[in-house]
Amino acid sequence: MTNAALKIATTEFEPDVGMTDQERADVANALSHVLADTYMLFIKTQGIHWNVTGPSFVGIHKLTEEHYENMYEAIDKIAERIRALGIKAPASYAKYGELSSISDNGDDYSSVGDMLNTLISDHQKAVQSMRKAIGWCEDKKDFVTADMMIERMAWHEEAIWMLKSLSASS
């Protein structure tokens with residue numbers, strides 16, 4: 001992580017968890033990117049949930065509702081883990097836009113297939129951010145956060161499979 005990226009991590013307190021301030025900042029910075037990706041994907045998923053139409057409406061509507069509810073809970077857990085590390089969690093749409101690898105490309109989709117492909121691509125980007133975060137966590141011996149990210153990554157990989165399965169039928 002670059003020094004510029006570390007500016008998002010402001011130590012608020014120093015928990016004695018066997019990590020240096022810099023290690024906690026590095027992990028919190030990686031988690032902040034995951035938080036931003038999760039938040040951006042949450043918003044897109046909810047928008048598709050509201051706006052999907054056509055013969056596959058019911059299945060996609062129900063699946064996207066399950067997905068955004070899962071991500072809503074994850075957002076809170078990820079932010080609280082950043083706080084448990086003694087770092088202030090990013091909490092603005094502008095900051096999420098800066099940190100996220102998932103772009104806000106609007107909600108102008110040409111088809112249901114386009115909606116599903118967007119979600120598939122964005123879940124893949126989220127998984128890539130989580131892989132980076134897991135690497136940082138394991139390097140700093142923060143196995144609690146690594147475990148949390150592994151669980152999240154597994155969920156996103158399953159979401160990719162489900163969306164690809166729907167996409168094949170759209």
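The values are calculated or read from the model by the stated rules, or taken from the named source; none is laboratory data. Predicted model, so just to flag it, every value in this text is computed and none were measured. In this analysis, Cβ positions are derived from the backbone assuming ideal geometry, glycine residues included, and neighbour counts consider all displayed protein chains. All accessible areas refer to the heavy atoms of the entire protein, side chains included, with ligands and DNA or RNA removed. Shrake-Rupley method; radii C 1.70, N 1.55, O 1.52, S 1.80 Å.
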Fill in the blank from the handout: Taking Cα atoms, the helix 57-84 axis meets the longest principal axis of the chain at an angle in degrees (rounded to 10) of 10 degrees
Handout entry: Most mobile listed residue (20, 45, 118) in the chain, GNM with C-alpha springs under 10 Å
Key = 20
Practice task
Would you kindly state how much longer the chain becomes between residue 147 and residue 110 on full extension, computed as 0.36 nm times their sequence separation minus their alpha carbon distance, in nm to one decimal?
Solution key: 9.5 nm
Practice task
Give the long-range amide H neighbours of residue 87: residues separated by 5 or more places, or on another chain, with amide H under 5 Å away, using H modelled in the peptide plane at 1.01 Å from N.
Solution key: 12
Handout entry: Separation in nanometres of the label points that stand 7 Å from Cα toward Cβ, at residue 103 and residue 83
Key = 3.4 nm
Problem - Cut-off of 10 Å, at most 16 other beta carbons, DSSP loop: longest stretch of the chain lacking such trypsin sites (Lys or Arg not before Pro) - result: 8-87
Problem - Per-residue [θ]222 nm for the chain (sum of -39500 (n - 2.57) over DSSP H runs n ≥ 4, rounded to 500) - result: -25500 deg cm²/dmol
Fill in the blank from the handout: Accessible-area order for 43, 102, largest to smallest, probe 1.4 angstrom, reads 43, 102
Problem - Fraction of accessible area attributable to carbon and sulfur, the chain (%, probe 1.4 Å) - result: 51 percent
Problem - For the chain: relative contact order, % (alpha-carbon pairs under 8 angstrom, 6 or more apart) - result: 29 percent
Practice task
With a probe of 1.4 Å, find how much accessible area the chain has per residue, and write the answer as a whole number in Å².
Solution key: 51 Å²
Handout entry: Among 38, 53, 64, residue whose mean-square fluctuation peaks in a GNM of the chain (springs only between Cα atoms under 10 Å)
Key = 53
